[in-house]
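Below: one structure, written as structure tokens.
Quick note: the coordinates plus some simple rules give every number you see, no bench work behind them. As the structure is a computational prediction, the values presented were derived from the model and not from experiment. Positions of Cβ are backbone-derived with ideal geometry, glycine not excepted, and every protein chain shown enters the neighbour counts.
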Amino acid sequence: MGIIGNLLNLIFGGGRNVVVETAGAFLENAEAGAERGKNVQLAAMAAHSAEFYPAQRGWFDRAMDGVNRLPRPMMALGCLGLVISAMVNPVWFAERMAGIALVPEPLWWLLGGIVSFYFGARHQVKGQEFQRSIAHTMGQVPTVVENLHRLQSLRPREGNPALLDWRKTRG
């Protein structure tokens, strides 16, 4: 072999590529980087799933979920019950409202704060879920736009010749 053959064998011989190995020391391999990114994301999703969606939930967790769902319906039904009781038995209703008038103002502030925090936290959680759903929907926009362009490209450019002839004969 000649000098050029020996040089090429030195660089690319023995099942290795010195140029790629040298470049790999300075540049990230895109394929390996994508694989590492995928592994990181899968690990994060597994950790989130294990923390917030345990495989088997105990009776206490299920009971607490049930208790956490009670305040809003109880308050709504309680208000409806007060309205109905005011119509059915006004004297009984007036006695109860006279008792409520004796509740000190700081206690009303405390009740208002508790209810505000409860519904405020729920509003924040629902708002964040809504933002996530909007982000997911916006992520689908390029695909939808591309599909629309594909569908529009299927439309005939000059119209249906048979339909054009039929229109001419009809007047």
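The Cα trace of the chain gives Rg and Dmax of 35.3, 115 Å, the first to one decimal, the second as a whole number.
For helix 3-12, what angle does its Cα long axis make with the longest principal axis of the chain, in degrees from 0 to 90 and rounded to 10? Between helix and principal axis, roughly 20 degrees.
Each of the GluC sites (Glu not before Pro) that DSSP puts in a loop and that has at most 14 other Cβ atoms within 10 Å breaks the chain; the longest unbroken stretch is 29-157. Helix 105-139 axis versus longest C-alpha principal axis of the chain: approximately 30°, rounded to the nearest ten.
When the charge dipole of the chain is built from unit charges on Cβ atoms (+1 for Lys and Arg, -1 for Asp and Glu) and taken about the Cα centre, the candidate among Trp92, Tyr118, Val67 whose Cα reaches farthest toward its positive end is Trp92. What longest region of the chain stays clear of trypsin sites (Lys or Arg not before Pro) that DSSP places outside H, G, I, E and B and that have at most 12 other Cβ atoms within 10 Å? The reported range is 70-156.
Using only alpha-carbon positions in region 106-152, the gyration tensor eigenvalues give semi-axes of 45, 7, 4 Å once each is multiplied by 5 and square-rooted (largest first).
The label-point distance for Met87 and Leu42, in a model that sets each label 7 Å from Cα toward Cβ, rounds to 6.1 nm.
Against the chain, whose longest principal axis is taken from its Cα atoms, helix 30-52 shows a tilt of about 20°.
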